[in-house]
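The values are calculated or read from the model by the stated rules, or taken from the named source; none is laboratory data. Everything numeric here is computed off the predicted structure, so don't read it as measured data. When we count neighbours, we look across all protein chains shown, and the Cβ atoms used for this are built from the backbone with ideal geometry, even at glycine.
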Amino acid sequence: MNLKRFAAPAVIAMTAALALSSCAANEGGSGESGSDSTLSGNLVGAGASSQDSAQQAWIAGFQTANPDVTIDYDPSGSGAGRDTFLSGASDYAGSDRAFNDEEIAEGGFAKCAPDTSVVELPLYISPIAVIFNLEGVDSLSLDPATIAGIFAGDITNWNDEAIAATNEGVELPDLAITPVHRSDDSGTTENFTDYLGAAAPDVWTYEADGVWPFEGGEGAQGTSGVVDAVTNGTGTIGYADASRAGDLGTVAVGVGGEFVEYSPEAAAAIVDASPFVEGRDEHDLAIELDRTSEEAGVYPIVLVSYLIACQEYAEPENVELVKAYLSYIASPEGQDVAAESAGSAPISDSLREKVTAAIDSIQ
């Protein structure tokens, strides 16, 4: 099944943006549900643009059930969201990667109680689609080395032998390839470059990073920027959360002896088969994805986007609200809402058990 739908600013600027974001969703939950909820207050989040469609659906559903609650989410990008959370300008963050070991050790999370860390919950799972704009071509089959060669700038024309070899019968034009990458610090970029380095290490020699590692190609801000650049270009190719692929051409990725199209099911399968990062707190559920799996039907370019909160908040004012919102997101209903609106993969029951325990531990 192939579902097709749908530079970090300064903290002061982000805070202003947060106050203006999510207006449509907030207007939509204005107390007509007849709910007897006692929750009230304002919750502020920021981060991954990949989560935006899901966040708007989650916010609408939660506010309908809790009409005295207002939730603002600014899809400013993963790096900006982590910075906003670190500075204390948001109650929670959305991020397409977990904080790394060095960041966790450094601490300094302004909203969190001293000497406490964070809870990281893998609640948005989605394949990253390799998207392209090539007239008359809707799908291509590419092995990892070819994908890496294109984005490294080694394969520069669409009729290159490496592309033709796995696409027999497809009429490939004599046309320059224009790779498009994120210009901002992005968890999507970190996930994508992590895949390239793991699956094609002889071709992609750069470390996984949220910042594109070299000059070249075309840079674009945010998921929307990449999708727009690929859509409006000719011979363009990029990467984006699969929920935003729309009508663009997409790549079936070589896994073992087959080519696998992206799907929520294939994305969820690789997450369940991957271990948690070693050495973390029991409620820090950062996942070490196995990018080189050769299991049948597994799609390896997957994004696991996290909801991040404090283990313990310095001020108790919004703790109940944070826990209630995260619990809704983790629930079967919340996961189904995200799947319907954004094409994401609902988490498994076994992962939900761990997530629920982590949310319950928040103070």
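Data for the structure
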| read-out | value |
| --- | --- |
| Filter result (within 22 Å of Ser305 (Cβ to Cβ) and polar (S, T, N, Q)) within region 193-223 | Thr193, Gln221, Thr223 |
| Sole exception among (1) modelled with pLDDT under 95; (2) in a helix (DSSP H, G or I) for Ala98, by number | (2) |
| Some residue of region 244-263 being assigned to a helix (DSSP H, G or I) and closer than 25 Å to Asp74 by Cβ | yes |
| Selected residue (only one of Asp91, Asp83, Asp74 is modelled with pLDDT of 95 or more, in the same structural domain as Ser40 (by TED's automatic domain parsing), surrounded by fewer than 24 Cβ atoms within 10 Å (Cβ to Cβ) and acidic (Asp, Glu)) | Asp83 |
| Evaluation of Ser293 against (1) over 19 Å from Phe192 (Cβ atoms); (2) not assigned by TED's automatic domain parsing to the domain that holds Ser117 (one fails), failing number | (1) |
| Yes/no for Ala105 being more than 22 Å from the chain's Cα centre (by Cα), surrounded by fewer than 17 Cβ atoms within 10 Å (Cβ to Cβ) and modelled with pLDDT of 95 or more | no |
| Enumeration of residues in region 209-256 that are of a type in the set (Val, Ile, Thr) and within 24 Å of Ala342 (Cα to Cα) | Thr223, Val226, Val227, Val230, Thr231, Thr236, Ile237, Thr250, Val251, Val253 |
| Residue within region 51-63 that is among the small types (Gly, Ala, Ser), touching a strand residue (DSSP E or B) at 6+ places or on another chain (Cβ under 8 Å), closer than 30 Å to Glu288 by Cβ and assigned to a helix (DSSP H, G or I) present | yes |
| Candidates Tyr306, Tyr325, Tyr239, filtered to the one that is over 25 Å from Ala152 (Cα atoms) and either within 15 Å of the chain's Cα centre (by Cα) or assigned by TED's automatic domain parsing to the domain that holds Ile150 (or both) | Tyr306 |
| Residue match in region 282-293 (condition: at positive phi, among the small types (Gly, Ala, Ser) and in a loop (DSSP other than H, G, I, E, B)) | no |
| Within region 128-242, strands (runs of 3 or more DSSP E) holding 3 or more residues that are buried (at least 20 other Cβ atoms within 10 Å of the Cβ) and touching a helix residue (DSSP H, G or I) at 6+ places or on another chain (Cβ under 9 Å) | 178-182, 236-241 |
| Residue ID - modelled with the highest pLDDT, chosen from residues in region 243-260 that are exposed (fewer than 15 other Cβ atoms within 10 Å of the Cβ) and farther than 26 Å from Gln55 by Cα | Glu258 |
